[in-house]
Amino acid sequence: MDDPNLKYRYLAHFDRDMIALAKTYRILESGEPRLLHEHGENKVIAFERAGLVFVFNFHPTTSHFGYRIDAPPGKYRLILDSDSPDYGGHGRLTADQEHVTLFEAAEGGGPNLLSLYLPSRAAIVLKLQ
């Protein structure tokens, strides 16, 4: 029997859910990902693939509040959060939270932006509704 103090069960839950997500949305069959945002100093990267937006904050200590990334316009729902207590995380995000893109008016048009809370060392997956 595994020691309950070990955290491997959380990794197994995350692995199970990530594989289910990949199968449900046929991620590996959907072509190349499209880069939406990359910022080396903030250690944040975001891309779109299979109609989903993946956002990663690799910073070891800094969480970002109101972090804006370009995204196709619309309403998004949080469908996977690596910071969830189910995966051994701190639970800093609300499950099934919705985000609506903001339009930033600029000369000649502007981008549609998602404004997100990105906890440190966490990844999220958003689905366009």
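The values are calculated or read from the model by the stated rules, or taken from the named source; none is laboratory data. Being a predicted model, the structure only gives us computed values, none of them experimental. Here the Cβ is made from the backbone with ideal geometry for all residues, glycine too, and neighbour counts use every protein chain on show. Heavy atoms of the whole protein, side chains included, go into the accessibility calculation; ligands, DNA and RNA do not. Shrake-Rupley method; radii C 1.70, N 1.55, O 1.52, S 1.80 Å.
Which pairs do you get when a residue that is of a type in the set (S, T, N, Q), found in the range 42-70, comes within reach of a residue that is open to solvent by 50 Å² or more (accessible area, probe 1.4 Å) and not in a loop (DSSP other than H, G, I, E, B), reach meaning Cβ atoms under 8 angstrom, with the pair 6+ apart or on two chains?
So the pair list comes out as SER63/TYR117.
What about GLY74, is it more than 29 Å from LEU11 (Cα to Cα), modelled with pLDDT under 95 and open to solvent by less than 30 Å² (accessible area, probe 1.4 Å)?
Considered against the rule, which asks whether it is more than 29 Å from LEU11 (Cα to Cα), modelled with pLDDT under 95 and open to solvent by less than 30 Å² (accessible area, probe 1.4 Å), GLY74 comes out as yes.
Search the range 1-18 for residues being open to solvent by 80 Å² or more (accessible area, probe 1.4 Å) and either part of a helix (DSSP H, G or I) or at pLDDT 95 or above (or both), and hand back the single one that is nearest to TYR87 (Cα to Cα).
Filtering the range 1-18 for residues that are open to solvent by 80 Å² or more (accessible area, probe 1.4 Å) and either part of a helix (DSSP H, G or I) or at pLDDT 95 or above (or both), the one nearest to TYR87 (Cα to Cα) comes out as LEU11.
Can you tell me which residues in the range 39-95 are under 24 Å from LEU28 (Cα atoms), acidic (Asp, Glu) and in a loop (DSSP other than H, G, I, E, B)?
Passing the criteria: only ASP83.
For ALA50, which of the numbered conditions (1) open to solvent by less than 100 Å² (accessible area, probe 1.4 Å); (2) closer than 16 Å to ALA123 by Cα; (3) within 17 Å of the chain's Cα centre (by Cα) fails to hold?
(2)
Quick test for you: out of ARG68, ARG34, ARG26, ARG92, pick the one residue that is touching a strand residue (DSSP E or B) at 6+ places or on another chain (Cβ under 9 Å), open to solvent by 40 Å² or more (accessible area, probe 1.4 Å) and closer than 16 Å to LYS127 by Cβ.
So the residue among ARG68, ARG34, ARG26, ARG92 that is touching a strand residue (DSSP E or B) at 6+ places or on another chain (Cβ under 9 Å), open to solvent by 40 Å² or more (accessible area, probe 1.4 Å) and closer than 16 Å to LYS127 by Cβ is ARG34.
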